[in-house]
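Each reported figure results from applying straightforward, stated rules to the coordinates on display, with no laboratory input. In this text the structure is predicted, and so the values were computed from the model without any measurement. We place every Cβ from the backbone using ideal geometry, glycine too, and count neighbours over all the protein chains shown.
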Amino acid sequence: MFDLIREKIKPDIESVFGSAMSNLILNKAKIKVSSENNNTDEITKCRLFIEHLGKDDKLLAMWGSLEVVEKISKWMKYIN
């Protein structure tokens, strides 16, 4: 499920930052989730991944906080 969520989110980020930078942003969030939450279920990991993306400085600088909140809301729907 985690990889499916990542692939659904990637086009939104890639359209603004390009492939290399979007992979960097996504991998940074994935590493944070992996290092902090080893014993959590897949859905929780997906939620935490999206939450980390919402705190990413590059996304906030490019989109602004309002658009990031909208993206987070959209991405959270992929989990449900």
Would you mind counting up the charge near Phe49? Only other residues with Cβ under 15 Å from its Cβ, with Lys and Arg at +1 and Asp and Glu at -1.
+4
The distance between the Cα centres of segment 42-80 and segment 2-39, in whole Å, is 10
From the helices alone, meaning DSSP H stretches of at least four residues, give me the mean residue ellipticity at 222 nm for the chain, per-run term -39500 (n - 2.57), in deg cm²/dmol to the nearest 500.
-30500 deg cm²/dmol
For the chain, the Cα gyration tensor yields equivalent-ellipsoid semi-axes (√(5λ), largest first, whole Å) of 19, 13, 12
Connecting C-alpha atoms closer than 10 Å in a GNM of the chain, tell me which of Ser65, Ser35, Ser19 has the biggest fluctuation.
Ser35
Label zone at Ile31, where the point sits 7 Å out along the Cα-to-Cβ direction: segment 57-73 residues whose backbone N lies under 19 Å:
57-60
Listed by chain and number, the lysines with an alpha carbon less than 17 angstrom from that of Lys77, same-chain partners under 8 positions apart left out, are Lys8, Lys10, Lys45
Normalised by the number of residues in the chain, what is the relative contact order in percent for Cα pairs under 8 Å and 6+ residues apart?
34
Going from the fewest other Cβ atoms within 10 Å to the most, one would list Val33, Val16 as Val16, Val33
